[in-house]
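For reference, the structure is listed below as structure tokens.
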Amino acid sequence: MLQGILAGLAAGALWGLVFVAPRMVGGYSSVDLTAGRFVAYGAVAAFVMLVTRGRPLPTASQALASFGMSLLGFTGYYLLLVLAIRDAGTEVPSLVIGTIPIWVMLLGKPAHLSWKALVPGLLLTAAGLALMISSPHAEGANVLRGVLLAVASLVCWTAFALLNSKWLKKHPEVNATDWANWLGIATGLGAIVLWAVAGSPARELVSREGRGLFALLCIGTGFGAAWLATILWNIASRRLSASLCGQLIVSETLFALAYSFAWDGRWPTPAQGAACVLFTLGILASIRAHR
């Protein structure tokens with residue numbers, strides 16, 4: 001269990017990077033950022049599969065599952081998240097995404113846990129979100145639209161968390177790294193299609209200012225926040241229950257907020273600090289109720 005918890009926390013620390021990455025480089029569309037990150041993920045997965053010959057290849061049903069999971073947990077989720085960050089800044093989407101542990105627990109609630117026990121955590125989390133959304137530092141062109149996009153990304157990843165945990169437990173013969181590689185290939189192919197349909201032309205990408213930083217961010221988030229984080233999350237999903245594993249996603253939110261404040265070079269405002277405290281207390285209350 002300890003190894004599963006540590007793996008889940010490490011995955012959250014890596015995932016937190018994707019909240020601040022879109023703000024580190026300008027002039028690139030949401031599709032460009034999404035496609036770049038996941039093409040890099042697919043390239044890393046393909047390379048690992050080539051140098052580790054002899055590993056099993058997915059069956060037709062496993063390949064189909066990997067494509068479905070990749071749409072929920074990677075391409076669709078991250079595109080919606082990047083759009084949300086564009087409209088509402090970093091802090092609000094990171095807190096919305098941070099409620100995933102609660103939704104995972106609600107949907108994967110153990111039979112012995114009463115609904116009444118979940119109320120304190122839900123109320124604390126809702127209060128924290130309200131404070132953050134009303135904060136004067138909530139950035140972006142359209143905060144409300146950003147919140148709605150963040151909610152849509154939340155739905156995608158919540159479904160992925162539940163289905164991925166169930167799939168891994170149902171297929172113990174599949175190695176966590178193999179599954180991460182299969183997901184990477186599926187995600188990379190989907191990202192290529194996404195870029196071909198809605199991305200910027202290749203000539204524009206290579207001629208824009210900041211292209212070097214853009215490439216580094218795509219490679220860094222593709223390797224660390226996608227490939228490596230997926231392996232760590234697969235380990236956590238296999239060793240922990242879906243509801244307990246879901247609680248660990250709070251680390252993603254806390255790291256995302258820390259990275260955002262560090263990038264801005266400022267401390268959170270009193271309202272933001274209070275929101276973070278309420279949010280954390282809400283998650284802890286939910287964990288206590290779960291226990």
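The values are calculated or read from the model by the stated rules, or taken from the named source; none is laboratory data. Note that the structure is a prediction, hence the values are computed from the model and not measured. Methodologically, a virtual Cβ is constructed for each residue, glycine included, from the backbone with ideal geometry; neighbour enumeration extends over all protein chains shown.
Here are some notes:
- Residue within the stretch 203-225 that is assigned to a helix (DSSP H, G or I), within 14 Å of Gly12 (Cβ to Cβ) and of a type in the set (Asp, Glu) present: no
- Filter result (free of Cβ contacts under 8 Å to residues at least 24 places away in the same chain, of a type in the set (Lys, Arg) and surrounded by 10 or more Cβ atoms within 10 Å (Cβ to Cβ)) within the stretch 195-213: Arg211
- Residue match in the stretch 33-47 (condition: at negative phi, touching a residue at least 40 places away in the same chain (Cβ under 8 Å) and part of a loop (DSSP other than H, G, I, E, B)): no
- Sole residue being out of contact with any helix residue (DSSP H, G or I) (no Cβ under 8 Å at 6 or more places or on another chain), modelled with pLDDT under 90 and hydrophobic (A, V, I, L, M, F, W, C), chosen from Ala176, Ala161, Ala196: Ala196
- Scoring Ile133 on the criteria (1) among the hydrophobic types (A, V, I, L, M, F, W, C); (2) out of contact with any Gly (no Cβ under 9 Å at 6 or more places or on another chain); (3) modelled with pLDDT of 80 or more; (4) crowded, with 18+ Cβ neighbours inside 10 Å leaves a single failure, condition (3).
- The condition (being in a loop (DSSP other than H, G, I, E, B) and at pLDDT below 90) is satisfied by just one residue among Gly140, Gly128: Gly140.
- Residues satisfying the stated conditions in the stretch 51-71, i.e. under 18 Å from Ala176 (Cα atoms) and of a type outside the set (Gly, Ala, Ser): Val51, Thr52, Arg53, Arg55, Pro56, Leu57, Pro58, Thr59, Gln62, Leu64, Phe67, Met69
- Close Cβ contacts (under 6 Å, 6 or more residues apart or on different chains) running from residues in the stretch 5-29 that are touching a residue at least 12 places away in the same chain (Cβ under 8 Å) and closer than 30 Å to Val197 by Cα to residues that are among the charged types (D, E, K, R) and not in a helix (DSSP H, G or I) comprise Gly27/Arg208.
- Every residue from the stretch 48-93 that is buried (at least 24 other Cβ atoms within 10 Å of the Cβ) and free of Cβ contacts under 8 Å to residues at least 24 places away in the same chain: none
- Residues of the stretch 56-104 satisfying the condition of being touching a helix residue (DSSP H, G or I) at 6+ places or on another chain (Cβ under 6 Å), farther than 30 Å from Gly128 by Cβ and assigned to a loop (DSSP other than H, G, I, E, B): Pro58
- Every listed requirement among (1) modelled with pLDDT of 85 or more; (2) surrounded by 21 or more Cβ atoms within 10 Å (Cβ to Cβ); (3) more than 21 Å from Asn175 (Cβ to Cβ) is met by Ala11 save one, (3).
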